[in-house]
1. Return the calculated 222 nm mean residue ellipticity for the chain, to the nearest 500 deg cm²/dmol, obtained by summing -39500 (n - 2.57) across DSSP H runs with n ≥ 4 and dividing by the residue count.
2. Give the calculated FRET efficiency between H57 and A246 to the nearest 0.05, with a Förster radius of 45 Å applied to their Cβ-Cβ distance.
3. Averaged per residue, what accessible surface does the chain expose to a 1.4 Å probe, in Å²?
4. Measure off 7 Å from each Cα along the Cα-to-Cβ vector at R136 and D24, then give the distance between these two points in nanometres to one decimal.
5. Can you pull the one-decimal nm distance between simple spin-label points at I146 and R189, each 7 Å off the Cα toward Cβ?
6. Tell me which trypsin sites (Lys or Arg not before Pro) from the range 293-363 have a DSSP coil assignment and no more than 11 other beta carbons within 10 Å of their own.
7. So, in nm, how far is label R254 from label R95 when the simple model puts each one 7 Å beyond its Cα toward the Cβ?
8. With an 8 Å Cα cut-off and a minimum separation of 6 or more residues, compute the relative contact order for the range 134-210 in percent.
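The values are calculated or read from the model by the stated rules, or taken from the named source; none is laboratory data. In this text the structure is predicted, and so the values were computed from the model without any measurement. Every residue, glycine among them, receives a Cβ derived from its backbone with ideal geometry; neighbour counts consider all protein chains shown. With ligands, DNA and RNA removed, areas are computed over all heavy atoms of the protein, side chains included. Shrake-Rupley method; radii C 1.70, N 1.55, O 1.52, S 1.80 Å.
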Amino acid sequence: MSYNTTDFSQAQPLSLPMPRCLADVDPERIAIIKPSALGDVVQSLPLLPILKERYPHASITWVIRDSLAGLLERHPLIDRLILYRRKGGPSDWVRMAKELRAAKFDLVLDLQGLLRTGLMTLATGSPVRVGLETAREGSHLTCTEIIPNTSRFVPAHQRYWRIAEAIGCGELRSTATIRVAKTELDAARELLSGLRGAVLAVAPGTVWETKRWPVDRFAAVCAKAYRQYGCSTVILGAPNEASLGAELERTLSRFVPRATVLNLAGQTSLQGLAALLATADIALTNDSGPMHIAAAVGTPVCAVFTCTDPQRSGPRDEHFEFVQTGLSCGGSYHRTCPHRGTGHLACHSELEVGRVFAALHGMVQKHLTGNDPLRQVAA
């Protein structure tokens, strides 16, 4: 079954009363604590223009994992980044705690809700520390306010937007802004300029095993796209996904030896990834960070969902199509498959290539029009 994110029964705006602590504060210094993961960081970006609208004179600091900092470095609404080193030692924690305390934040938003971010929140010493109902590992104890109706059953993007509603700005337009440097965009255009036809960007990786639709199935969809549209494929992924990208390249070349394939998996920065996704004509991904980046830069994306729920975890926009397994355990959010034998990762085999390609084809018909090369071939 495919989903389009224009229908969210749980995502309707609420008429939330202004939390007392937020009603009384006029902050000069705001901290957003959201170190990871990539997709979650992208989904929380729409809060930035809202905070600037509500508190125009406040400076905004973002606490971000060092490996993800490149995504936010050029953001026009972020005044400062504080880096969290996940594998850092005690000295790194002491340094960060001192940095957080010295900043004298008036308002802190813990959007992660884990023990480590709770400790960061507490270290700020801010008089107003706001969290969500998804907070766990005791992190809620470090907050002075928990925003209501932000449980894990509320779509992720809407959980973050509850803060906008709580400060009286929920009626404003929600937009995710990723600032990509012109040099990166120029480099991406140069890289893709030699490819024939339209460009299908494919990101087959993701951290969870259960979310990782098999590479040979991605290759089969790309082969169908080549045969029907004559498009080229560019493979994208993180450094630890280089072998996955190589496997996809080999498999696709075996299916259609004449297909044009450019494998850039593990070879780009986050800025470079965003630039390539912005330059591509259409994207095909798992439920992953690249899916959310593609959404944020306005590229139509078709995403495969197995163990997660597109209505809870996907972006909300008519340009995005989601194909979900029909198994009863679909959307169960297991990082590793709890089944053994023939049931192990059965959602991967149940989600057939034909269904995913049909969703991709529908997106081509719907979104790529006019002089776009994909539309010309598809028509």
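1. Working: 16 runs with 146 residues, N = 379.
Rounded to the nearest 500, the figure is -11000 deg cm²/dmol.
2. Working: r = 51 Å, r/R0 = 1.12.
Efficiency, rounded to the nearest 0.05: 0.35.
3. Working: 16300 Å² over 379 residues.
Per-residue value: 43 Å².
4. If labels sit at R136 and D24, their model points lie 3.3 nm apart.
5. 5.0
6. On the way: sites: R312, R316, R335, R340, R355; in loops: R316, R335, R340.
Listed in order of number, the matching sites are R335, R340.
7. 4.6
8. Details: 20 pairs, mean separation 11.3, N = 77.
Across the range 134-210, relative contact order equals 15 percent.
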